[in-house]
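Student: Here you go, one structure.
None of the figures in this text is laboratory data; all of them are computed from the coordinates on show. On a predicted model such as this, the values are computed, not experimentally measured, just so you know. Don't worry about glycine lacking a Cβ; one is built from the backbone with ideal geometry, like all the others, and counts go over all protein chains shown.
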């Protein structure tokens with residue numbers, strides 16, 4: 001992977017199903033959503049990889065109750081290959097309902113501290129996984145710092161998770177604005193999480209959509225709404241995916257619908273892994 005430029009990564013991203021999940025601020029349920037989306041896609045028959053891009057405060061492993069032997073920090077430092085850092089969940093990708101996790105490392109130093117070259121290596125790692133998986137979900141750190149935005153722009157599609165808090169909306173708008181400045185062709189999708197009611201979710205989405213329309217001259221599409229559900233907290237406390245612990249809960253079923261809509265909008269390549277590897 002050494003020597004590949006970020007520009008080449010961005011060009012490759014047009015051919016690979018890498019989805020970056022972002023939020024302007026922390027605490028909106030972004031990581032929980034990323035895990036549940038990856039699990040839903042796996043249950044719908046996709047070979048799915050989930051990457052934890054929040055290197056400084058990584059917690060995908062905590063929410064899933066797994067203990068990875070190696071992580072993305074090891075890959076970036078050259079101590080391990082990408083293949084060596086995979087942690088299978090529920091049997092791993094290729095098993096019905098299983099997916100592969102590439103964990104971050106909590107306390108390893110924030111993404112903002114990485115060099116531009118190291119950030120480029122991480123982007124290459126994410127994009128290269130599109131050769132062997134049907135979908136790559138990249139759970140990004142919160143914020144708008146330069147390294148995060150490089151990773152976000154390298155993805156094929158961006159999902160911005162928001163809730164009804166005013167700071168969530170303003171920070172989500174800031175993320176979208178910076179993303180559009182870096183990559184004007186990117187049109188992120190919106191997921192409203194922890195919605196108290198349909199009226200509230202509509203108000204949240206409309207507020208963000210109107211701001212983007214007024215100041216950025218486009219309206220981001222609504223990918224879906226996830227209702228507030230006490231079983232989400234129960235699942236996180238139990239360190240178990242909600243689609244395993246409470247598959248018929250309102251929140252779980254809502255993410256299943258989001259996964260279906262994402263697949264409709266972004267059908268993965270039906271080429272064989274061998275054909276994808278030969279591209």
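Student: Go through 140-147, 21-28 and give me the packing order, highest mean Cβ count within 10 Å leading.
Tutor: 21-28, 140-147
Student: Ranked highest first by average number of other Cβ atoms within 10 Å, how do 129-135, 45-51 line up?
Tutor: 45-51, 129-135
Student: Can you give the FRET efficiency to the nearest 0.05 for residue 260 and residue 146, using r as the Cβ-Cβ distance and R₀ = 30 Å?
Tutor: For R0 = 30 Å, the calculated efficiency reads 0.30.
Student: Pairs of alpha-carbon atoms within less than 8 angstrom and 6+ residues apart define the contacts here; what relative contact order does the chain have, in percent?
Tutor: Normalised by residue count, the contact order of the chain is 25 percent.
Student: How far is it, in nm, from the label point at residue 202 to the one at residue 77 when both lie 7 Å from their Cα along the line to the Cβ?
Tutor: 5.2
Student: Residue 221 versus residue 118, label points 7 Å from Cα toward the beta carbon: distance in nm?
Tutor: Distance between label points: 3.7 nm.
Student: I want to check the label-to-label distance for residue 214 and residue 233. Put each point 7 Å from Cα in the C-beta direction and report it in nm to one decimal.
Tutor: 3.4
Student: What does DSSP give for the chain in terms of the percent of beta bridges that are antiparallel, rounded to the nearest 5?
Tutor: Around 15 percent of the beta bridges assigned by DSSP in the chain are antiparallel ones.
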